[in-house]
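The values are calculated or read from the model by the stated rules, or taken from the named source; none is laboratory data. A quick note: this is a predicted structure, and the numbers were derived from the prediction, not measured. When we count neighbours, we look across all protein chains shown, and the Cβ atoms used for this are built from the backbone with ideal geometry, even at glycine.
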Amino acid sequence: MNLAPVIVFVYNRPNHASQTLEALSKNYLANETKLYIYSDGVKNNSSYQDEKKIEEVRCVIKSKQWCREVEIIERDSNKGLDASIIEGVSNIINIHKKVIVLEDDIVTSKHFLSFMNECLNVYKDSKNILTISGYIFPVKYNKLDTVLLPLTSAWGWATWEDRWQEYDHSISMKEIINKSECLSKRFNIGDFKYTNILMKEGEHWDIRWYYNLFMRNRLGVFPSKSLVKNIGFDGSGTNCNNNSDILNDNFVDTKIEIIKKNYIDLEFYALLHNYFRKEVERNIFKKIKNKIRGLNK
Amino acid sequence: MQFAPIILFVYNRPEHTRLTIEALQKNKLASESILYIFCDGLKTKDNKSEALHNDVKRIINSIKGFKDLIIKERNANYGLAKSIVDGVSYVLNIHGKAIVLEDDLITSEYFLQFMNDSLNVYDGCDNIYSVQGYMFPIETNRKNELLLPFTSTWGWGTWKSKWEYLELDLAEKEVIRNSKYLKERFNLGDYSYSDMLTFENNSWGIKWYYSVFRRNGLCVFPPRTLIKNVGFDNSGTNCNEDTSFNLQKLFNYKTDVIKQEFLDIEVLDKIENYFTMKKKSILKRILEKIFK
């Protein structure tokens, strides 16, 4: 099997980067995989501590032979995550025609690389499949399976050169999605408001990547149980808020059988919407409870 | 260029059939297109319906103006759904693509041009499942074709490679009907396609839409309608009277097909609103006017 290379984007979190790379190196196909590590540089106005962190990261990434072959790209200056990802993915996909992408806070199951590579092969010629994802929200579903959904994810993902070339990351996004009731319902997952992210963080590559899928009415492939967990929700990251319990403390540790499909798993898609409805209901309940407690004090 | 054959389904409405054929004959590409006609067999044999059925057969047998005319008379009553599924599959197996009409659809002179151009331009596009001739009565400034996430049964075309995805068993229809979100995604505003999922008998259009919906597919539409439905007079088997569509004028100009990449979300929003507004109470509309 012609395996896809992996890119890991790191910056200033040595501890996270170490966990991410350790987990990756324990993957079944790690010793056959080529790994690229993009290490972003210091910002102009950064403190001594920041510089030290980046130095630590650069020590960590060089400390082991994580995969069959490791190529490290150290940037002299700070490019920022979005520009770094777009440039890195474009460069590597140009060489290898497909790529698997991780950020420095994505800890993978040892079955992650097998799943991503197999899906990349199975769906190579299905042009309506835009991307493969290793992450899925923790929906309660009784089957261990692959599911097709009209969604993308930025937590451990993969794509092919022709799909990436269609992605215009400077596209100006249409505000009507936010204003129109039917379009925002189509764009959001229940009460998980992608439209808010679109309005607030519209410049980020991942919301644009999702917008690209939405506008083309394409599909992504997902495992029914997550193969990654995000360890970045501790206030350490640049683009994260610590307000969520969708981090998947348990990821799947068995192999997922891949059966090629050409349709959305409607049952799973409906469950996903219910999940996010409940999520908000639970939060409201919590808020009310806190209010009552506050009053009693 | 190889033009797509036309398939026309007729039954017992001579006057509608005549109008449909006359409009089709005036199409620019009629003389270069093969016309297949499937004439369904009679359901009940009484004098009146036999007379109508015979009139239809007389009309179709005297048609001129097409590259070739192939008439298939059913010797039993198939019903519209079975007749269409069977007829479309038959012609697609021979030609690979086809344009489908029923006996109450009046076409613009540029209908065949638009259908053929679109079938050629979008041939092999993974996410495009059909080409439509009908467009809802909404105002747009669009000059070219546009992409929308649903099908229509009023004058359409497809390819063999896409028709193979047609699912007749509607395995997940209850999943759609039981999920508020999926139901809303499946319906057009208040127009409840999800209710049609229960119409087991004699419905094929909803099964085709379901098959496209499940695959997150798109369909090609003209910016203004190239089809006018004249069947809303209770003469048809599957129609109820609805006058709003009767006011639409046919678009009698050429539309350039430029191969769009994106779903037209502005037009989608307008169509959804069109179907929502229609059923809104007067009070709600007045309130909206006041608070706008």
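Among the residues of the stretch B:90-104, is there at least one that is part of a helix (DSSP H, G or I), under 30 Å from A:LEU213 (Cα atoms) and at pLDDT 95 or above?
Step one: of the stretch B:90-104, the residues part of a helix (DSSP H, G or I) are B:90-95.
Filter once more, so that each one left must be under 30 Å from A:LEU213 (Cα atoms): none.
Looking through the stretch B:90-104, none of the residues is part of a helix (DSSP H, G or I), under 30 Å from A:LEU213 (Cα atoms) and at pLDDT 95 or above.
Among the residues of the stretch B:46-54, is any buried (at least 19 other Cβ atoms within 10 Å of the Cβ) and at pLDDT 95 or above? Yes, the stretch B:46-54 has at least one match. Sub-8 Å Cβ pairs linking a first residue in the stretch A:174-186 that is more than 8 Å from chain B (Cβ to nearest Cβ) to a second residue that is at pLDDT below 95 and outside any helix (DSSP H, G or I), at least 6 apart or interchain, are A:SER184/A:LYS193, ordered by first then second residue. In the stretch A:187-198, the residue that is surrounded by the fewest Cβ atoms within 10 Å (Cβ to Cβ) out of those that are more than 9 Å from chain B (Cβ to nearest Cβ), in contact with a helix residue (DSSP H, G or I) (Cβ under 6 Å, 6 or more places away or on another chain) and modelled with pLDDT under 90 is A:ASP191. The residue that is nearest to the other protein chains (Cβ to nearest Cβ), counting only those in the stretch A:212-223 that are of a type outside the set (A, V, I, L, M, F, W, C) and touching a Ser or Thr at 6+ places or on another chain (Cβ under 9 Å), is A:ARG218.
Scanning the stretch A:51-62 finds no residues that are touching a Gly at 6+ places or on another chain (Cβ under 9 Å) and within 17 Å of A:THR108 (Cα to Cα). Any residue in the stretch A:112-130 that is under 24 Å from A:ILE86 (Cβ atoms), in a loop (DSSP other than H, G, I, E, B) and either charged (D, E, K, R) or more than 14 Å from chain B (Cβ to nearest Cβ) (or both)? Taking every residue of the stretch A:112-130 in turn, at least one turns out to be under 24 Å from A:ILE86 (Cβ atoms), in a loop (DSSP other than H, G, I, E, B) and either charged (D, E, K, R) or more than 14 Å from chain B (Cβ to nearest Cβ) (or both). Return a yes/no flag: does the stretch B:178-197 have any residue that is of a type in the set (A, V, I, L, M), away from chain A (no Cβ under 11 Å), in a loop (DSSP other than H, G, I, E, B) and more than 30 Å from B:ASP256 (Cβ to Cβ). So far as the stretch B:178-197 goes, yes, one or more of its residues are of a type in the set (A, V, I, L, M), away from chain A (no Cβ under 11 Å), in a loop (DSSP other than H, G, I, E, B) and more than 30 Å from B:ASP256 (Cβ to Cβ).
Anything in the stretch B:23-45 that is surrounded by fewer than 14 Cβ atoms within 10 Å (Cβ to Cβ) and either in a helix (DSSP H, G or I) or among the polar types (S, T, N, Q) (or both)? List them, or say none. Result: B:SER31, B:THR44. Counting residues in the stretch B:134-141 that are within 14 Å of chain A (Cβ to nearest Cβ) and either of a type in the set (Ser, Thr, Tyr) or touching a Cys at 6+ places or on another chain (Cβ under 7 Å) (or both) gives one or more.
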